[in-house]
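One structure below.
The values are calculated or read from the model by the stated rules, or taken from the named source; none is laboratory data. Keep in mind it's a predicted model, so treat the numbers as computed, not measured. Backbone-built Cβ (ideal geometry, glycine too); neighbour counts: all protein chains shown. Surface areas here come from the heavy atoms of the whole protein model, side chains and all, with no ligands, DNA or RNA. Shrake-Rupley method; radii C 1.70, N 1.55, O 1.52, S 1.80 Å.
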Amino acid sequence: MATKELVGLLLAGGQGSRLGVLTSSTAKPAVPYGGKFRIIDFPLSNCINSGIDTVGVFTQYEPLELNAHIGIGKPWDLDRNNGGVTILSPYLKSENNDWFTGTANAVYQNIHYIDKVSPEYVVILSGDHIYKMDYAKMLAAHKKNEADATISVFEVPIEEASRFGLMHTDENNRILEFEEKPAKPKSNLASMGVYIFTWEILREYLIRDDHNEASEKDFGKNIIPMMLDENKRMFAYAFEGYWKDVGTIQSYWESNMDLIERVPDFNLFDHNWKIYTTNPVMPAHYIGPNGSVKKSIVAEGCMVYGTVRNSIIFPGVIIEEGAYIEDSIIMSNSVIGKNSKIYKSILAEKVVVGEGVEIGVGEMVVNTIKPDIYNTGINVIAESAYIPDHAILGKNVVIHKCVDASDYATLNIASGGTVFKGGTRHE
Amino acid sequence: MSRVLGIIITGGRKESMKELVAKRSVSAIPVGGKYRAIDFVLSNMINSGIDKVGVVTQYSFRSLMDHLGAGKEWDLDRRNNGLFMFPPYLAGENTGWYRGSADGMYSNISFLKRSTDEYVIIATGNCIYKMDFNLLLEAHEKQEADITIMYRDMSDFDPVELKEFGLIKLNNEGRIIDLREKPETPDGKLASLGIYIMKRTLLIELLEESEAHGHYDFVKDILIRKLDKLNIMGYEYKGYWRSLSSISMFYNCNMDMINPEIRQELFNTDGKVFTKVKDETPTKYNEEAVVNHSIIADGCIIEGEVYDSVLSRGVKIGRGAVVRNSIIMQDTVIEPNATLDYVILDKEVIVKEGKTLKGERSFPIIVGKHIEI
């Protein structure tokens with residue numbers, strides 16, 4: 001295999017538990033976004049658009065959908081004879097059999113994959129963010145600084161800074177100090193979780209870190225602090241543009257809603273930096289004689305007989321006569337029955353909503369079972385769930401995967417309620 | 001259905017299609033917002049299990065080659081079999097341009113000879129329909145025919161349009177006893193759909209014999225001449241079928257695709273319709289958008305009003321623009337306050353701010369590729 005200068009390593013093994021039932025059976029990077037895409041399409045497309053044609057994708061949690069989505073990398077032009085995309089999942093070895101115990105450990109366990117490609121540099125990416133970034137420019141800065149590591153940073157409002165890992169830099173952008181989620185932030189340069197390392201150096205640190213029993217084997221918590229302690233040349237690279245963490249229900253919903261602004265901060269129509277994904281085989285979408293769509297995104301294959309406002313509609317969704325959708329995200333192949341009204345909700349794939357249903361009405365009460373996840377008024381209906389005719393759902397309501405008519409004890413699910421598959425609980 | 005190989009004849013230049021075929025084969029004409037005409041027959045073949053398809057092409061074939069590529073989207077990029085393109089070529093006795101449909105196939109007879117499939121299905125590339133060709137094969141074997149021709153009752157067409165077809169007459173056993181190609185005075189309503197099945201070895205024989213006599217057209221010189229000698233049977237197809245062979249048929253076919261029932265038949269029964277992907281983002285509707293009874297492909301930005309129309313990928317409709325009864329192809333821009341009624345706009349057209357274009361149903365205005373109005 002010919003040598004590659006820069007190889008992408010995409011950490012896609014996390015569960016993303018703060019996305020609640022959206023990740024109950026799929027990894028976070030495989031969560032759909034923006035009417036057609038999945039979160040992982042952004043770092044993958046960034047790679048190919050930056051000229052990186054060799055990408056290792058680390059998977060661990062519920063990899064089925066992710067693996068099916070990536071396949072041999074065709075949509076991203078990563079089906080290559082030399083390089084291309086490689087899925088790296090935990091595997092049995094003659095000794096030390098382990099799941100990936102941390103982000104650094106995932107890379108450590110696959111050192112031989114990277115050695116085989118033998119790149120000069122690696123870029124570590126995560127499948128948690130929506131952004132468009134040219135990693136080639138970041139590499140140019142890394143080389144110019146003769147850096148051992150370069151961390152891309154993003155300016156956040158100082159009042160929010162304590163949610164992030166923060167960098168303190170000197171006037172040459174050299175990193176002096178790194179603080180993980182400090183209570184009293186001294187800087188507002190947040191790490192985006194995008195790192196370029198000189199491979200030879202990272203390799204050495206991965207091996208040393210693996211020998212340290214106390215280490216959590218994490219890039220942010222262990223590798224980077226250790227390199228800083230030992231005075232390695234580490235630089236911050238300032239990223240400008242749209243960058244959004246989609247790790248919570250609220251931020252995921254907001255980031256989708258950003259797309260429907262007249263001139264969105266994040267433009268997916270840019271032909272010079274296309275975001276690639278698998279294309280569903282469906283005809284152009286249809287708007288019926290009484291259909292009405294405003295300030296929304298609608299994908300192919302949809303049949304819209306009702307009204308859509310401020311919403312994102314994925315491929316193959318059917319919205320029947322008299323239905324009204326507002327401030328919502330409706331994923332592929334869901335069906336919204338006649339005269340049903342849906343406000344501020346996320347419906348996953350293949351959800352069936354009966355007739356005359358109301359979702360997202362009533363008082364504001366946080367979810368009683370998972371108040372830390374569902375607390376901003378957004379309802380989340382998981383994949384393949386069914387909502388019976390004339391049901392009324394409040395706010396922060398959660399319907400679990402594959403729930404059917406028999407799982408409902410009542411058609412009136414008050415705000416904060418949850419409906420489980422088999423064994424019904426309404427709180 | 002690996003017993004069958006497919007041949008698609010993309011046909012000659014259709015003057016009746018005007019500007020729309022100025023630079024493309026009629027089989028490469030955009031239709032239904034995201035498809036090209038040939039996608040339908042090709043997808044029918046794939047969905048019927050045919051995995052070897054030869055495309056005989058002549059006029060402006062670049063657009064077609066561009067569209068089909070290596071056949072990836074149709075799953076025809078196979079190690080064995082797959083997609084074979086047959087543009088005309090010069091070699092030895094070969095004179096270059098094909099002199100007719102039979103000559104086109106004869107020029108590539110080595111493809112037929114090297115194949116081992118028992119049957120060949122021949123079809124044209126410019127017709128829109130959904131068909132499981134296994135049914136045609138079944139009928140062909142059951143009625144022990146030499147050749148079976150698929151036909152359809154064309155009562156739903158304007159009688160004038162029947163002149164474009166090959167009209168047939170059947171006897172009581174379903175054998176075809178008369179076939180008239182493009183008759184001046186159409187007699188009867190049953191028309192050949194230009195879809196034939198026969199043994200591969202029979203096709204080779206017929207092509208060689210015809211070429212030896214200096215005959216080059218498959219319908220006039222082979223089928224019509226052999227009506228007495230061969231057992232040529234009919235197989236009736238009853239579904240939706242349209243040929244894109246005139247502007248009015250093209251216009252009506254696009255409008256038909258807005259109809260949910262026809263849409264269901266074409267796109268959601270007996271398999272999907274595959275086409276070249278463009279990686280467009282889904283369509284964006286801004287606050288002012290009003291869209292009714294229309295089909296819209298991905299990648300559009302709509303700020304105006306659209307009624308009873310077909311919008312292809314990447315079309316932009318400016319604020320205050322009103323589009324009615326129109327077909328707008330890929331990447332065309334309608335600037336603010338422009339008004340369109342009964343208009344067909346080809347790819348990458350720009351209609352300037354405030355312009356009005358008004359055609360009639362029977363005479364839609366056609367604007368060719370890249371034109372600014």
Notebook entry, point to check: If you roll a 1.4 Å probe over segment A:273-323 with all protein chains in place, what percent of the accessible area is carbon or sulfur?
Noted result: 53
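If each DSSP helix of 4+ residues adds -39,500 (n - 2.57) and the sum is divided by the residues in the protein assembly as shown, what number results at 222 nm, nearest 500 deg cm²/dmol? Please report the intermediate quantities before stating the final value.
Numbers: 16 runs with 139 residues, N = 800.
After summing the helix terms and dividing by residue count, I get -5000 deg cm²/dmol.
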Next item on the list: At q = 0.10, 0.19, 0.21 Å⁻¹, work out log10 I(q)/I(0) for segment A:226-349 with the Debye formula, treating every Cα as an identical point scatterer and leaving solvent out; two decimals please.
Entry: -0.40, -1.09, -1.26
Next item on the list: Convert each backbone phi in segment B:98-110 into a coupling constant with the Karplus relation 6.51 cos²θ - 1.76 cosθ + 1.60 (shift: θ = phi - 60°), then list the ³J(HN,Hα) values in order as whole Hz, x for Gly and Pro.
Entry: 5, 8, x, 5, 5, 4, x, 6, 4, 4, 10, 5, 5
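Can you tell me the mean projection area, over all orientations, of the convex hull of chain B's alpha carbons? Units nm², please. Don't jump to the answer; show the numbers that get you there.
Working: hull surface 73.6 nm².
If I average the Cα hull's projected area over directions, I get 18.4 nm².
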Check: So what are the radius of gyration and Dmax for the Cα set of segment A:354-427, in Å?
Finding: 10.9, 31
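What relative contact order, as a whole-number percentage, does segment A:184-339 give when Cα pairs under 8 Å and 6 or more residues apart are counted? Spell out each step's value before the answer.
Details: 216 pairs, mean separation 18.0, N = 156.
Once divided by the residue count of segment A:184-339, the mean separation gives 12 percent.
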Check: Using the Karplus equation 6.51 cos²θ - 1.76 cosθ + 1.60 (θ = phi - 60°), what ³J(HN,Hα) coupling, rounded to whole Hz, does each residue of segment A:196-208 give in order, writing x for Gly and Pro?
Finding: 10, 10, 6, 4, 4, 6, 4, 4, 4, 5, 4, 5, 5
Checklist line | Alpha-carbon Rg with Dmax, taken over chain A, Å | finding: 22.7, 68
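Using a 1.4 Å probe on the protein chains only, how many percent of the accessible area of segment A:76-164 belongs to carbon and sulfur?
Numbers: 1970 of 4220 Å².
For segment A:76-164, the apolar C and S fraction of the accessible surface comes to 47 percent.
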Check: If you take the square roots of the eigenvalues of the alpha-carbon gyration tensor of segment A:8-108 and sort them as a ≥ b ≥ c, do you get rounded (a/c under 1.5), prolate (a/b over b/c) or oblate?
Finding: oblate
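Accessible area per residue of chain B at 1.4 Å probe, in Å²? Working shown, then result.
Working: 14870 Å² over 373 residues.
About 40 Å² of surface per residue is accessible.
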Next item on the list: Whole Å is fine, so just give me how far the alpha carbon centre of segment A:346-360 lies from that of segment A:42-77.
Entry: 31
Item checked: Accessible surface, segment A:272-355, averaged per residue in Å² (probe 1.4 Å) -> 28
Checklist line | Solvent exposure of segment A:106-263 as accessible area per residue, Å², 1.4 Å probe | finding: 44
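Taking Rh as the Kirkwood radius, which is the inverse of the mean 1/r over Cα pairs, what is the Rg/Rh value for segment A:40-95? Can you show the working numbers first?
Values: Rg = 12.1 Å, Rh = 11.9 Å.
With Rh from the inverse mean 1/r over Cα pairs, Rg/Rh is 1.01.
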Notebook entry, point to check: Each residue of segment A:317-334 in order: what ³J(HN,Hα) in whole Hz does its phi give by Karplus 6.51 cos²θ - 1.76 cosθ + 1.60, θ = phi - 60°, with x for Gly and Pro?
Noted result: 7, 10, 10, 7, 3, x, 6, 9, 10, 9, 6, 10, 10, 10, 7, 3, 6, 7
Notebook entry, point to check: Can you give the direction-averaged projected area of the convex hull of the alpha-carbon atoms in segment A:241-284, in nm²?
Noted result: 4.6
Notebook entry, point to check: Taking the inverse of the average 1/r across all pairs of different Cα atoms in segment B:102-170, what Kirkwood radius in Å do you get?
Noted result: 15.0
Note to self: Rounded to two decimals, what is the ratio between the C-alpha radius of gyration of the protein assembly as shown and 2.2 N^0.38 Å?
What the structure shows: 1.08
Next item on the list: Find the all-direction average of the projected area of the Cα convex hull for segment A:303-376, expressing the result in square nanometres with one decimal place.
Entry: 4.9
Note to self: Under 4 °C and 1.567 mPa s, how fast does segment B:206-282 diffuse according to Stokes-Einstein, given a Kirkwood radius computed over C-alpha pairs? Answer in µm²/s, whole number.
What the structure shows: 77
Check: Volume per residue, Å³, of the convex hull around the alpha-carbon atoms of segment A:159-292?
Finding: 222
Margin query: Could you order the peptides A:190-197, A:401-408, A:57-64 from most to least packed, using the average number of other C-beta atoms within 10 Å per residue?
Written below: A:190-197, A:57-64, A:401-408
Margin query: Residues of segment B:294-309 that become at least 50 Å² less accessible with every protein chain present than in their own chain isolated, using 1.4 Å: which are they?
Written below: B:298
Margin query: Using a Debye calculation, one point per C-alpha and no hydration shell, please list log10 I(q)/I(0) for segment A:81-219 at q = 0.12, 0.14, 0.17 Å⁻¹ in order.
Written below: -0.57, -0.78, -1.11
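Ignore the peptide's own chain and count Cβ atoms of other chains within 10 Å of each Cβ in A:299-305; give me the average, rounded. Kindly include the intermediate steps, with their values, before the conclusion.
On the way: counts 5, 11, 3, 3, 4, 2, 1.
Taking all residues of A:299-305 together, the mean is 4.
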Item checked: Complex-versus-alone comparison for segment B:242-279, residues with a loss of 40 Å² or more in accessible area, probe 1.4 Å -> B:260, B:263, B:279
Next item on the list: Amide H neighbours of residue B:193 under 5 Å, at least 5 residues apart or on other chains, H built in the peptide plane: list them.
Entry: B:150, B:151, B:152
Checklist line | Relative contact order (%) - segment B:214-373, alpha-carbon pairs under 8 angstrom, separation at least six | finding: 12
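At a 1.4 Å probe, what is the % contribution of carbon and sulfur to the accessible area of segment B:127-201? Walk me through the intermediate numbers first.
On the way: 1550 of 3480 Å².
Here it works out to 45 percent.
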Item checked: Whole-number D in µm² s⁻¹ for segment B:1-143, Kirkwood Cα-pair radius fed into Stokes-Einstein, 37 °C, 0.692 mPa s -> 209
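For the pairing of chain B with chain A, what total accessible surface becomes buried, with a 1.4 angstrom probe, in square angstrom to the nearest 100? Intermediate results must be reported in sequence, preceding the final value.
Numbers: alone 16500 and 18410 Å², together 31610 Å².
Roughly 3300 Å² of accessible surface disappears when B and A pair.
Restricting to Cα pairs below 8 Å that are 6+ residues apart, what does the relative contact order work out to for segment B:168-250? Please round to a whole percent. Present the calculation step by step, with values, prior to reporting the outcome.
Numbers: 48 pairs, mean separation 28.6, N = 83.
Normalised by residue count, the contact order of segment B:168-250 is 35 percent.
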Notebook entry, point to check: On the first, second and third principal axes, largest extent first, how far apart are the outermost C-alpha atoms of segment A:136-209 in Å?
Noted result: 37, 28, 19
